[in-house]
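A.B. asks: Once you've had a glance at the structure underneath, I'll fire off some questions.
Any read-out appearing in this document is the output of simple, stated calculations on the displayed coordinates, not a laboratory observation. From a predicted model like this one, the values you see are computed outputs, not experimental measurements. As a convention, Cβ positions derive from the backbone with ideal geometry for all residues, glycine included, and neighbour counts pool all protein chains shown.
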Amino acid sequence: MDTPSEVIQRFVSSVRRRLNRHRLLDCLLWGLAVVGGVLLIAGLAYILQGERVPRGLYLAAGVVLLAAVPGVWLIRRFSADRAAAFADDFFGLKDTLLSAKHFHEEKREGDFYRLQEGAAGEKVADLSVSSIPYRWPRKLGTAALVVVLLSALMAFKEPSPEVLERLEEERITAEKTAEINEFLEEELEELAKDLEETALPEVDPEEIRKLPSGLKETKNQNEALRQYANLERQLREKAQKLDRRKEEALLAAVGEELQKDEENRELGRKLKEKEFQAAAEELNKMAPEPVQKEKLSEQRKELARLRAASQRMADAAKSANRRGTAGSSGGAGQGQSASGGMESELSSLSESVEQFSSSLKNAERLSQLGRLDADQLSLCESDRDSVLSQMKRLSESLCKMNALCESEKKLLSMCEKLGQCQGFLCGKDGKSLSQCLGINPGGLQAGNGSVESRTAFSDSGNTGELTQLQGIKGAGPSESMVEEATEGEGVATRRSVSREHNYTRQVESFVQREDVPAEVKEGVKRYFEGIHQAENQ
Amino acid sequence: MTTEVASDAEAKAEVEAFRKTFEDLRAEIAKFIVGQEEIVEDVLIAIVCGGHVLLEGVPGLGKTALVSTIAKAMHLDFSRVQFTPDLLPADITGTQILVERNGEKIFEFQKGPIFSNILLADEINRATPKTQSALLETMQEKSVTVAGKTHALDLPFFVLATQNPIEQDGTYPLPEAQLDRFFFKLHVDLPTHDQFSEILNRTGGVKPPEIEAVIGAEEVLQMGRLFREVPIDSEVQRYLVNVVMATHPENEAAPDAIKTYLRHGSSPRGAQSILAASRVRALLDGRYHVAKEDVRASAVPALRHRIILSFEGEAEGFQPDALIREAIDSAE
């Protein structure tokens with residue numbers, strides 16, 4: 001048999017549970033209305049901009065609803081006291097339950113407290129909690145239903161054609177940048193390895209390796225172009241540090257002078273064509289043999305070639321430097337000092353060869369007189385060592401020149417590839433990156449027949465660049481010289497054409513770059529247009 | 001537990017007896033007094049609570065008849081004093097008179113009309129303040145001191161004072177401090193048309209209705225002891241205090257009308273009156289606890305004479321009852 005207080009407590013608990021269920025429904029409806037309303041507004045904002053409503057928004061709304069509704073319910077749910085007060089009001093009990101509950105909690109004792117509790121227990125025994133109705137908030141419910149439905153319908157609205165097009169472009173851009181970044185990462189790694197082999201202090205391979213870390217996959221074409229242009233600028237700056245034009249020009253002049261001498265024509269050609277490694281090897285072939293008493297005369301004759309070469313080289317270097325100093329007044333800087341260094345090496349070689357030749361001549365004369373002694377031979381040997389030392393120095397300088405040129409070429413080649421990558425990024429002709437770069441042209445298998453074009457790229461001139469340069473083919477400075485040559489078999493190269501295409505692409509890439517001021521771009525355009533006008537005149 | 005059960009049964013029987021007695025009194029009084037059920041109930045509650053009532057109404061509404069009928073139904077002594085400006089305190093309390101006893105002349109105290117169970121002080125505002133004070137002091141002390149000797153009044157002692165709201169010339173309005181001594185202030189309204197007819201029927205005949213005694217003095221005192229046992233929940237008490245506090249214009253939580261139209265709010269005596277009356281109402285409703293409903297029903301008669309209107313309130317013609325109801329509404 002339950003005591004009246006237990007009956008009362010059970011009844012109040014039942015009322016509380018029922019009221020809290022009703023409150024939960026209220027909170028849910030409110031949550032749906034509020035979240036649905038916010039979702040509706042946010043969705044409309046997307047739809048008015050022509051975009052699809054993101055699925056994530058619905059997920060977020062759902063999460064917020066799931067988190068907020070229980071939270072609000074926990075705060076606003078009925079306490080036992082409030083439930084008792086509600087029951088008193090609803091059933092017209094005139095504070096009976098609340099009073100009984102408090103009297104019981106405060107442990108008040110006495111006749112009247114027991115009577116009150118008993119009377120309360122009797123009253124609630126006949127009452128049914130289920131008679132407490134849930135008053136559906138019609139307006140709120142309707143509003144919640146409407147906003148939820150409208151929000152749900154918005155999910156099916158497709159983006160506008162413009163947005164679809166933009167999204168497609170972004171997707172393509174993202175794919176292309178990913179592909180380009182992957183390609184650049186590999187290429188820069190290869191470049192870093194190549195530069196490591198050269199071990200030049202002027203360029204740090206680690207810096208080259210770190211360059212790809214700044215590249216990001218992006219959907220924004222302008223941002224992508226910016227990052228590649230930035231990378232290209234960095235590579236060009238590194239290439240500029242390796243620039244040894246003065247020395248190259250000096251060695252070209254030296255080579256040209258050497259070509260006048262039949263014996264040293266090959267050395268001259270190699271120097272002129274910047275085959276410095278080969279030139280060093282050619283020079284080393286002329287290294288004098290150890291001095292032998294019996295072969296002084298032959299050795300002097302053998303030395304004549306080296307003597308002639310070193311003399312010509314020193315003279316050519318001197319006159320080339322004199323011409324360079326006269327041309328640029330006082331602004332030579334590093335180039336001037338570098339070429340001065342080369343000139344001094346050539347002069348030193350020439351002097352040491354002269355000295356050695358003189359020693360040999362003297363020794364020969366003494367030998368003929370029968371007065372050749374060990375001291376004289378030793379002196380000759382010493383002079384020979386001096387010649388070898390100078391030749392070694394010159395050879396090392398030529399090897400370093402070779403490494404610098406090769407590295408600069410590789411860096412500039414990388415810049416060219418970057419330009420092609422930018423062309424690929426902007427291109428709408430459907431060409432792949434490989435096609436734009438001119439590698440792996442594709443096809444099922446190699447075909448039979450002759451290839452008309454020996455170039456690895458098309459002559460169409462369409463680089464995908466929006467800015468096209470106008471110029472006259474062959475109107476600019478020529479990098480090739482026409483020489484008279486004997487009739488024979490040979491292979492004609494189209495290096496000038498390939499250089500022209502490379503040059504076109506590089507300049508177009510340069511014009512396309514955003515970090516280049518507009519005035520500079522304009523100047524470049526006007527330059528080519530000026531050439532065009534000169535042709536017309 | 002057996003003791004508790006027996007005790008509970010006894011208490012329940014007492015409460016039932018209380019209700020029945022009250023109902024019997026009401027029924028008996030209703031034989032003669034037409035209508036005015038609320039007034040009758042409030043007067044009976046005041047008597048049970050040991051308080052005094054100030055009745056305000058025009059002459060001829062049966063105030064004297066009401067009090068005399070109650071006195072008959074309760075089998076209590078009843079006396080009536082018509083207050084006039086020349087009434088002296090001794091006329092109420094009694095005085096020493098020189099009498100001859102056994103050949104000796106001695107002063108003997110002659111009890112005044114106040115020495116009864118129920119005193120009707122008609123038109124109390126017509127007497128001088130000195131005379132009013134004599135009555136009011138006795139109402140508080142329930143004794144009379146004359147010539148250094150204290151004479152206790154018989155209990156229960158109940159004063160029903162009346163005021164005429166239409167003849168204010170030459171009157172001495174009771175000061176607020178003395179108004180505060182009255183348990184309730186009740187307004188007696190004119191009867192309705194049907195009630196008028198009934199009054200004529202009952203009083204116009206040859207033989208007016210006979211009023212039988214329902215209870216005696218001891219039972220009245222017993223009822224006065226019983227109602228004090230009715231418990232009140234802390235929440236209901238909080239509500240009661242809020243009602244009284246809301247009548248104070250300096251209280252920040254008081255309604256704006258209170259702050260504007262009242263000068264002073266009720267004293268704690270008002271809260272005591274409300275509590276006592278609420279307990280009686282709870283018993284009459286068959287409950288063993290005080291409810292907010294009881295407080296709401298008791299607040300107006302207990303507070304209407306304990307609040308003082310401000311100049312704006314008087315100028316605007318505000319009635320205390322309306323302001324008290326605002327205070328009640330704001331107390332939740």
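A.B. asks: In chain B, what percentage of the DSSP-assigned beta bridges are antiparallel, given to the nearest 5?
C.D. replies: 45
A.B. asks: What residue among B:Ile97, B:Ile308, B:Ile114 has the largest mean-square fluctuation in a Gaussian network model of chain B, using Cα springs under 10 Å?
C.D. replies: The residue that fluctuates most here is B:Ile97.
A.B. asks: Counting residues in the stretch B:60-183 as N, plug N into 2.2 N^0.38 Å and put the Cα Rg over that result.
C.D. replies: Relative to the rule-of-thumb radius for its length, the stretch B:60-183 sits at 1.13.
A.B. asks: Same structure again: Please say if the stretch A:350-419 is rounded, prolate or oblate, where rounded means a/c under 1.5 for a ≥ b ≥ c the square roots of the C-alpha gyration tensor eigenvalues, and otherwise the choice is prolate for a/b larger than b/c and oblate otherwise?
C.D. replies: Cα axes put the stretch A:350-419 in the prolate bin.
A.B. asks: Still on this structure: Mind putting a number on the dipole of the stretch B:269-332 about its Cα centre? Charges go on the C-beta only, +1 for Lys and Arg and -1 for Asp and Glu, and I need it in Debye to the nearest 20.
C.D. replies: Value, rounded to 20: 480 debye.
A.B. asks: Continuing with the same structure: Of the cross-linked pairs B:Lys12/B:Lys185; A:Lys216/A:Lys409; A:Lys246/A:Lys285; A:Lys238/A:Lys417, which ones have a Cα-Cα span greater than 21 Å in the structure shown?
C.D. replies: B:Lys12/B:Lys185; A:Lys216/A:Lys409; A:Lys246/A:Lys285
A.B. asks: How high is the relative contact order of the stretch B:189-332? Use alpha-carbon pairs under 8 Å, at least six apart in sequence, and give a whole percent.
C.D. replies: 27
A.B. asks: In sequence order, what are the phi-derived ³J(HN,Hα) couplings for the stretch A:102-119 according to the Karplus relation 6.51 cos²θ - 1.76 cosθ + 1.60 with θ = phi - 60°, rounded to whole Hz, with x for glycine and proline?
C.D. replies: Each residue's phi maps through the Karplus curve to give 5, 4, 5, 5, 7, 6, 7, 10, x, 4, 5, 5, 5, 4, 4, 5, x, 5 Hz.
A.B. asks: Along the stretch A:150-157, what does the Karplus equation 6.51 cos²θ - 1.76 cosθ + 1.60 (θ = phi - 60°) give for ³J(HN,Hα), rounded to whole Hz, x for Gly and Pro?
C.D. replies: 4, 4, 5, 5, 4, 5, 8, 6
A.B. asks: Related question: Using alpha-carbon positions, what is the distance between the centroids of the stretch B:87-109 and the stretch B:255-332, in Å?
C.D. replies: 44
A.B. asks: Only Cα pairs within less than 10 Å get springs; with that Gaussian network setup on chain B, which residue of B:Ile118, B:Ile166, B:Ile33 has the largest fluctuation?
C.D. replies: Ranking B:Ile118, B:Ile166, B:Ile33 by mean-square fluctuation puts B:Ile166 first.
A.B. asks: Also, quick follow-up: Divide the volume of the convex hull of the Cα atoms of the stretch A:26-105 by its number of residues and quote the answer in cubic angstrom per residue.
C.D. replies: 84
A.B. asks: Can you bin every Cα-Cα distance in chain B into 10 Å intervals starting at zero and give me the percent of pairs per bin, rounded to whole numbers?
C.D. replies: Pairs per bin, as whole percents: 5, 23, 31, 26, 11, 3, 1, 0.
A.B. asks: Could I ask something else about it? Please compare each pair in A:Lys219/A:Lys410; A:Lys176/A:Lys428; A:Lys318/A:Lys361 to a cut-off of 22 Å on the Cα-Cα distance and tell me which ones are over it.
C.D. replies: Over 22 Å Cα-Cα: A:Lys219/A:Lys410; A:Lys318/A:Lys361.
A.B. asks: I'd like the distance separating the alpha-carbon centroids of the stretch A:338-380 and the stretch B:170-201, in whole Å.
C.D. replies: Here the answer is 152 Å between Cα centres.
A.B. asks: Separate question: Taking only DSSP H segments of four or more residues, each worth -39500 (n - 2.57), what value at 222 nm results for chain B once the sum is divided by all its residues, to the nearest 500 deg cm²/dmol?
C.D. replies: -14500 deg cm²/dmol
A.B. asks: Next question. So if I place +1 on the C-beta of Lys and Arg and -1 on the C-beta of Asp and Glu, and nothing else carries charge, what would the dipole magnitude of the stretch B:237-301 be about its Cα centre? I want it in debye, nearest 20.
C.D. replies: Once rounded to the nearest 20, the dipole reads 180 debye.
A.B. asks: Let me ask something else about it. Over chain B, what is the relative contact order in percent, taking alpha-carbon pairs closer than 8 angstrom and at least six residues apart?
C.D. replies: Computed over chain B, the figure is 21 percent.
A.B. asks: A follow-up question, please. Name the residue farthest towards the positive end of the dipole of the stretch A:360-424 from the options A:Ala374, A:Gln390, A:Leu412, assuming +1 on Cβ of Lys and Arg, -1 on Cβ of Asp and Glu, about the Cα centre.
C.D. replies: The Cα lying farthest towards the positive end belongs to A:Leu412.
A.B. asks: First obtain the Kirkwood hydrodynamic radius of the stretch B:151-199 from its Cα pairs, then insert it into the Stokes-Einstein equation at 37 °C and 0.692 mPa s, and state the resulting D in µm² per second as a whole number.
C.D. replies: Result for D is 228 µm²/s.
A.B. asks: Given the C-alpha centroids of the stretch A:1-23 and the stretch B:113-153, what is the distance between them in whole angstrom?
C.D. replies: About 55 Å separates the Cα centre of the stretch A:1-23 from the one of the stretch B:113-153.
A.B. asks: Could you give the size of the charge dipole of the protein assembly as shown about its Cα centre, using +1 on the Cβ of each K and R and -1 on the Cβ of each D and E, expressed in debye and rounded to the nearest 20?
C.D. replies: The calculated dipole for the protein assembly as shown is roughly 200 debye.
A.B. asks: Two decimals is fine: what's Rg over Rh for the protein assembly as shown, C-alpha atoms, Kirkwood radius as Rh?
C.D. replies: With Rg and the Kirkwood Rh in hand, the quotient comes to 1.50.
A.B. asks: Next up: Among bridges DSSP assigns within the protein assembly as shown, what percent are antiparallel (round to 5)?
C.D. replies: 45
A.B. asks: Can you give the alpha-carbon Rg of the stretch B:142-237 over 2.2 N^0.38 Å, where N counts its residues?
C.D. replies: With N residues counted in the stretch B:142-237, Rg over 2.2 N^0.38 Å equals 1.61.
A.B. asks: Something else: Calculate one ³J(HN,Hα) per residue across the stretch B:129-140 by plugging θ = phi - 60° into the Karplus curve 6.51 cos²θ - 1.76 cosθ + 1.60, and present them in order as whole Hz with x for glycine and proline.
C.D. replies: Along the stretch B:129-140, the couplings run x, 5, 5, 4, 4, 4, 5, 5, 5, 5, 4, 6 Hz.
A.B. asks: Now a separate question. Pick from B:Val146, B:Val244, B:Val58: which residue has the top mean-square fluctuation in a GNM of chain B where Cα pairs under 10 Å get a spring?
C.D. replies: Among B:Val146, B:Val244, B:Val58, the largest mean-square fluctuation in the Gaussian network model of chain B belongs to B:Val146.
A.B. asks: Of B:Gln163, B:Ile199, B:Met245, whose Cα points farthest to the positive end of the dipole of the stretch B:153-268 (charges on the beta-carbon: +1 Lys, Arg; -1 Asp, Glu; origin at the Cα centre)?
C.D. replies: B:Met245
A.B. asks: In the protein assembly as shown, if the dipole is taken from +1 on Lys/Arg beta carbons and -1 on Asp/Glu beta carbons about the Cα centre, which of A:Val254, B:Leu88, A:Ser13 is farthest to the positive end?
C.D. replies: A:Val254
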